[in-house]
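Notes follow the structure.
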Amino acid sequence: MIQVWSGVTRASDTRARVVVTWEPGRGPGGTARSEAARVTLKATTRDGAQLFNGTLDPVQGIGEAIAAADRAEFDAPVGVVQLDMAILGERGQQLDTDTRDFEVPDLKPRRTLLLPPVVLATRSAREFRVATSERDASPDPSREFRRTERLLIRVPALSGAAERPRVTAQLLNRSGHKMWDLVSIPGDAGTDVSQFDLPLAPLAPGEYILQFTATSDAEPVEQRVSFKVTG
C-alpha cells in the first residue's frame, strides 16, 4: 500500500542521521494510488531503545509549504534499526501494517562507502533550481517517474582516506549497457554529497538503471539503483 525510502543524509562523529519518507503505492499500470493517508512510525534498535515515534504525511513536492511533517529524522547508532509502521486512511482507520529493518552503517569506514542515493523529482525549471540548494528536501520514495520530470540525484560517499571520494554516475539500459554519463552539478547538499542531473524527457517509457561509482585510494565501489519511466 505504500512506498518507503530510508537512508542516511547527515551524521555527527558517532551517530548517523536517518531519514524516512513514504508515499501511497500505485496499482497495476501506475494508475490509482492506495487509500493510505498517514503513517505512524516507530523506530527502535535491536535492544529496544526508541529512536522515533510519530505520524508522517506523504512526501510533499519541492518547496511546498506543509503544516505537518512529511519525513522522520532521527539519530541512530551503528546497527539494525527496526521500522514499524501502521498505515492509516483518511478517517484514521488502520488499513495495514509494514515492518522492515534498516542497517545503519559505520560512518567512519576503513574503505569507501556509498550510502543510499537521494532522488528528488522536480516538475519545472524553478523546482529544480530550488532543489539544488534545499539541503533538507524530503527524498522521493518512488522509483517510478514521468517523462515530464527532471531528477536531482544526491549520492553521499564516505572514505577512510583523507580525501573525499570522487563519485561518477552513469545511466544504463535495463540490460546494463551504458547510455550516457550524468552531469555533476554544484549545490548546497553537504561536503560528502555529489549531485547529478537527469532529465527524463529524452527517455522512452521503460526500465533503466543508475550506476554510481566512488573512487578513492582503494578499489572503486559501485552501487546500482533501478527505476522506471512512464509516459
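Scanning the range 85-121 for residues that are within 20 Å of residue 166 (Cα to Cα) and more than 20 Å from the chain's Cα centre (by Cα) yields a total of 4.
Please specify each residue of the range 116-135 satisfying the condition of being within 25 Å of residue 216 (Cβ to Cβ) and modelled with pLDDT of 90 or more. Correct list: 116, 117, 118, 119. Quick one: in the range 124-135, which of the residues that are out of contact with any Asp or Glu (no Cβ under 6 Å at 6 or more places or on another chain) and open to solvent by 80 Å² or more (accessible area, probe 1.4 Å) is farthest from residue 185 (Cα to Cα)? Among residues in the range 124-135 that are out of contact with any Asp or Glu (no Cβ under 6 Å at 6 or more places or on another chain) and open to solvent by 80 Å² or more (accessible area, probe 1.4 Å), the one farthest from residue 185 (Cα to Cα) is 126. Scanning the range 193-218 for residues that are surrounded by fewer than 18 Cβ atoms within 10 Å (Cβ to Cβ) and either assigned to a loop (DSSP other than H, G, I, E, B) or modelled with pLDDT under 95 (or both) yields 201, 202, 203, 204, 205, 215, 217, 218. For the range 65-77, the count of residues that are small (Gly, Ala, Ser), touching a residue at least 40 places away in the same chain (Cβ under 8 Å) and not in a loop (DSSP other than H, G, I, E, B) is nonzero.
Number of residues in the range 158-174 that are open to solvent by 10 Å² or more (accessible area, probe 1.4 Å), in contact (Cβ under 8 Å) with a residue 40 or more places away in the chain and assigned to a strand (DSSP E or B): the value is 5.
Are any residues in the range 141-157 open to solvent by 30 Å² or more (accessible area, probe 1.4 Å) and out of contact with any helix residue (DSSP H, G or I) (no Cβ under 8 Å at 6 or more places or on another chain), and if so, which ones? Don't jump to the end; show me each part of the working.
Step one: of the range 141-157, the residues open to solvent by 30 Å² or more (accessible area, probe 1.4 Å) are 143-144, 146-150.
Selection gives 143, 146, 147, 148, 149.
Out of the residues in the range 38-59 that are open to solvent by 20 Å² or more (accessible area, probe 1.4 Å) and of a type in the set (A, V, I, L, M), state the one that is modelled with the lowest pLDDT. Per the criteria, the residue is 59.
For the range 120-154, the set of residues classified as assigned to a strand (DSSP E or B) and without any contact (Cβ under 8 Å) to a residue 60 or more places away in the chain consists of 120, 121, 150, 151, 152, 153, 154, listed by residue number.
Which of the residues spanning the range 177-192 are surrounded by fewer than 19 Cβ atoms within 10 Å (Cβ to Cβ) and at pLDDT 95 or above? Passing the criteria: 177, 178, 179, 180, 181. Looking at the range 81-111, which of the residues that are in a loop (DSSP other than H, G, I, E, B) and of a type outside the set (Lys, Arg) is surrounded by the most Cβ atoms within 10 Å (Cβ to Cβ)? Filtering first and then ranking leaves 107.
The values are calculated or read from the model by the stated rules, or taken from the named source; none is laboratory data. Please read all numbers here as calculations on a predicted model, not as lab measurements. Reconstructed Cβ throughout: ideal geometry from the backbone, glycine too, with neighbour counts over all protein chains shown. In case anyone asks, the SASA skips ligands and DNA or RNA and just uses the protein heavy atoms, side chains included. Shrake-Rupley method; radii C 1.70, N 1.55, O 1.52, S 1.80 Å.
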